Amino acid sequence: SFAGQGIVSETLNFSHVPGYTTSGTLHIIANNQLGFTANEDESRSSLHASDLAEGFEIPVIHVNADDPVACIEAARIAFAYRQKFRKDFVINLIGYRRYGHNEGDEPRFTQPVMYKKIDEHPRVRQLWAQKTGVDSDTMLHTFLKDLQEANDKLDAEKALLEPVPQPPPRGAAQKVKTAVSLKRLKDLNKSLLEFPSDFHVNPKLVKSIDRRKTLLDQPGDAKIDWATAEELAFASILEDGTPIRLTGQDSIRGTFSQRHAIFYDVQDNHKHVPLHSIPQAKASFEVLNSPLSEMGAIGFEFGYSIHAPERLVIWEAQYGDFINNAQGMLDELVLSGRAKWGLTPSLVFLLPHGNEGQGPDHSSARIERFLGLAAETNVRIAYPTTAAQYFHLLRRQAMILKTDPLPLVIFTPKGLLRHPLTASPIEDFTEGKWLRVIDDPDLPGKRSDVRNLILCSGRIYVDLVTSELRKKNPDDAVVRMEQLYPFPKEKLEELLAQYSNLERMIWVQEEPFNMGAWNYLRPHLRELTENRLPLHYVGRPESSSPAEGSSTLYRINQQSLIEQAFEFEKNAQTSSVVKARG
């Protein structure tokens, strides 16, 4: 597996990358000369299992597992090298597997000759007894005695361990106050925009910087966009004393040139990091471009969040579908670590998501996969639609790292990063909080006049409310689910109680029927309405691909979807492929 598994090369590649080095790691290959049943020539193209390490200029020692003295000496050399040079070292421990892949497996079906030799080969204890002259039975007795003493000591330590932490009471995360005063925002914003006198900013960025300088001076009119909200959130978190580690693929600039966490002088390329320079900060800020790796990078950040629970650790994908390459890490560690081992990760994922007519690739962060793994309050999954929502979500995560740690998955915008509807008024930052569900803010009439409740999440909301059909259907309300998991049942119940004359609930999504949130939400929404209210689906039909390959077809389908949502009753008798009964 050392030669065959890609995560090994991803991990070795971290050894000299800034922000990922461990100042040397010792790698020991338990080389049994077999896979499960596969022979060496079926497992790799190189002579040795350890040859991959040579590409990273990592020294390797090959040692015979039958020779305890040689093994100890190899370990000493490896450790001394690591301590001296702060670099990785590999020990290729060449031995054999006396039994099958497990004790119940029969290896002689596939390696009969090899196992005939193993059956005739003395064990390490017997070989060592021959070399030292010590009776092997005496050696075994001493070993078993030492083993029992070690186990007794471990059992005593285990009794002192705290039990697996139980999740906090429901609603605990909602009690934190994430709003920030206008004065504080102004002070932070001013500090963030102060550059050294000898620093030469890229001319293309000067205009946006100047605009931000006066942004908060007119709180009644101004709106804060997504990137500004993020930077203000980070600054306020640092002022609160919580350190931040932000890594990912092109995360310094941001995939869409929205972040600019580091500015580069156009004359000599030296750096200026605003979040390093603000005097208000009481904690450290680290921002790094990660290697183009998902499995290894997320594994590293997962471990970081476990061992530095006081730090807000964030990993960002270049595009949301890059997370596909780390599915095993999500399955095995991030989303099941609490249930299996009592681990309490608080890693944040930023995953750009949304069908914008750019084709199947980079359109979907696979909402359905995260929701399929969500259970026992093991994660928070959100699809915020405004800058203020994102601001409060980040601040809340930082404030509950110690009291209510959970991974946080945020589906973030792409084309909507600079959209006017995504920007938020200043009062949403100074007086607001994280809202799991957002009622229709532009309802033309009374709630009692509403007949159709259109429920959606994320990007599709903007297409719905900017459609001409929106004004033509005053009896429709468009409600956003900002939090997908845990399911916001109480908030939806409160909201439904205000719409007394509803005739139907319509879930609208831009993802295909077999993707997105629909199949997760359907039983929850059905239970919510208790069959009192018809529940319908409007969205794309089932598909093996997350999005169309044609921008023209995308626009046609998107428009059809919007029409189905607003004119549901009118089209109820048609045979549309984008409509289904819940």
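All of the numbers you see were taken from the coordinates with simple rules; none came from a lab. These numbers come from a predicted model, not from an experiment. Cβ atoms come from the backbone with ideal geometry, glycine included; neighbour counts cover every protein chain shown.
Please identify the GluC sites (Glu not before Pro) of segment 375-441 that satisfy two criteria: DSSP loop assignment and at most 14 other Cβ atoms within 10 Å. Which are they?
Sites meeting the loop and neighbour criteria: Glu376, Glu431.
Would you please classify the overall shape of segment 361-413 from the alpha carbon gyration tensor, given that a ≥ b ≥ c denote the square roots of the eigenvalues, rounded means a/c under 1.5, and beyond that prolate means a/b larger than b/c while oblate covers the rest?
Judged from the Cα gyration tensor, segment 361-413 comes out oblate (a/c at least 1.5, b/c at or above a/b).
Order of Ser448, Ser191, Ser45 from fewest to most other C-beta atoms within 10 Å?
The most exposed by this proxy come first: Ser45, Ser448, Ser191.
Working out 0.36 nm times the residue gap between Asp331 and Ile118, then minus their Cα-Cα distance, what length gain in nm do you get to one decimal?
73.0 nm
Using 10 Å bins from zero, what percent of all Cα-Cα pairs in the chain falls into each bin?
Result, from short to long distances: 3, 14, 21, 22, 17, 11, 8, 3, 1, 0 percent.
Could you put His27, His62 in order, starting from the residue whose Cβ has the fewest other Cβ atoms within 10 Å?
His62, His27
Determine ³J(HN,Hα), in whole Hz, for all residues of segment 329-345 in sequence, where each value follows from phi through the Karplus function 6.51 cos²θ - 1.76 cosθ + 1.60 and θ = phi - 60°; x replaces Gly and Pro.
5, 5, 5, 7, 10, 4, 9, 10, x, 5, 5, 8, 10, x, 6, 10, x
Each label point is 7 Å from the Cα along the Cα-to-Cβ direction; what then is the distance between the points at Gln126 and Ser46, in nm?
Each label point lies 7 Å from its Cα, and together they span 3.4 nm.
By average Cβ neighbour count within 10 Å, what is the ranking of 502-508, 176-182 from highest down?
502-508, 176-182
Please determine, in degrees from 0 to 90 and to the nearest 10, the orientation of helix 182-192 with respect to the longest principal axis defined by the Cα atoms of the chain, where the helix direction is its Cα long axis.
50
Grab every C-alpha pair in segment 38-98, bin the distances at 10 angstrom width from 0 up to the longest one, and report whole percents.
Calculated over all Cα pairs of segment 38-98, the distribution is 21, 45, 30, 5 percent.
How far is the Cα center of segment 185-214 from the Cα center of segment 86-106, in Å?
Value for the Cα centre distance between the two parts: 57 Å.
Equivalent ellipsoid semi-axes for segment 6-121, as square roots of 5 times the alpha carbon gyration tensor eigenvalues: give them largest first, rounded to whole Å.
After diagonalising the Cα gyration tensor, the semi-axes are 30, 17, 11 Å.
Over segment 63-202, what lengths in whole Å, largest first, do the semi-axes of the equivalent ellipsoid take, defined as the square roots of 5 times the eigenvalues of the alpha-carbon gyration tensor?
Working from the Cα gyration tensor, I get semi-axes of 57, 28, 20 Å.
Given labels modelled 7 Å from the Cα in the Cβ direction, how far is it in nm from Val206 to Ser543?
About 4.4 nm, to one decimal.
Quickly work out the Arg522-to-Ala308 label distance, labels modelled 7 Å from Cα along the C-beta direction, and quote it in nm with one decimal.
Spacing of the two 7 Å Cα→Cβ label points: 4.3 nm.
Given the rule -39500 (n - 2.57) for each run of at least 4 DSSP H residues, summed and divided by the residues of the chain, what is its mean residue ellipticity at 222 nm, to the nearest 500 deg cm²/dmol?
Taking each H run of at least 4 residues, the total per residue is -10500 deg cm²/dmol.
Residues with amide H under 5 Å of Phe513's amide H, sequence separation 5 or more or different chain, H placed in the peptide plane at 1.01 Å from N; which?
It is Arg540, Glu542, Ser543, by chain and number.
What FRET efficiency do you get for Thr214 and Leu161 if R0 is 60 Å and r is their Cβ-Cβ distance, rounded to the nearest 0.05?
Approximately 0.60, to the nearest 0.05.
Restricting to lysines 8 or more places apart or on different chains, can you count the pairs in segment 177-430 with Cα atoms under 15 Å from each other?
Going through segment 177-430 pair by pair, I get 5.
What residues from segment 66-90 fall in the zone where the backbone N is under 14 Å from a label point 7 Å along the Cα-to-C-beta line of Val134?
Residues 68-69 fall inside that zone.
Mark the label point 7 Å from the Cα of Lys282 along Cα→Cβ and return the residues of segment 384-409 whose backbone N is within less than 18 Å of it.
Only 395-403 pass the distance filter.
Across 5 Å bins from the origin, how do the percents of Cα pairs in segment 181-265 run, short distances first?
Going from the shortest bin to the longest, the percentages are 3, 12, 23, 26, 21, 13, 3, 0.
Using packing as a proxy for protection, rank 406-415, 211-220, 391-400, 328-337 so that the peptide with the highest average count of other Cβ atoms within 10 Å comes first.
Most protected by this proxy first, the peptides run 391-400, 406-415, 328-337, 211-220.
Residue-wise, which Karplus ³J(HN,Hα) couplings in Hz belong to segment 406-417, taking 6.51 cos²θ - 1.76 cosθ + 1.60, θ = phi - 60°, and x for glycine or proline?
8, x, 10, 9, 10, 8, 9, x, 10, x, 8, 4
Just to confirm the number: angle between the C-alpha axis of helix 518-529 and the first principal axis of the chain, 0 to 90 degrees, nearest 10?
60
Sequence-distant or interchain residues sharing an amide H contact under 5 Å with Glu503, placed H: which?
For Glu503, whose amide H was placed from the backbone, the distant partners under 5 Å are Asn452, Leu453.
What FRET efficiency do you get for Gln33 and Glu494 if R0 is 56 Å and r is their Cβ-Cβ distance, rounded to the nearest 0.05?
Efficiency for this residue pair is about 0.30.
So if the hydrodynamic radius of segment 430-582 is defined as the Kirkwood radius over C-alpha pairs, what does Stokes-Einstein give as its diffusion coefficient at 10 °C and 1.306 mPa s, in µm² per second?
After rounding, the answer is 100 µm²/s.
What residues have an amide H closer than 5 Å to that of His362, excluding those fewer than 5 places away on the same chain, when H is modeled at 1.01 Å from N in the peptide plane?
Residues meeting the amide H criterion: Asp321.
Give me the percent of DSSP beta bridges within segment 177-430 that run antiparallel, rounded to the nearest 5.
Antiparallel bridges: around 15 percent, rounded to the nearest 5.
On a 0 to 90 degree scale, rounded to 10, what angle separates helix 295-307 from the longest Cα axis of the chain?
Compared with the principal axis, the helix lies near 90 degrees.
Over all distinct alpha-carbon pairs, what is the Kirkwood Rh of segment 177-430 in angstrom?
18.7
Got the relative contact order for the chain handy, in percent, Cα pairs under 8 Å and 6 or more residues apart?
11
Would you mind pulling out the separation of the Cα centroids of segment 545-563 and segment 9-68, in Å?
Here the two parts' Cα centres lie 48 Å apart.
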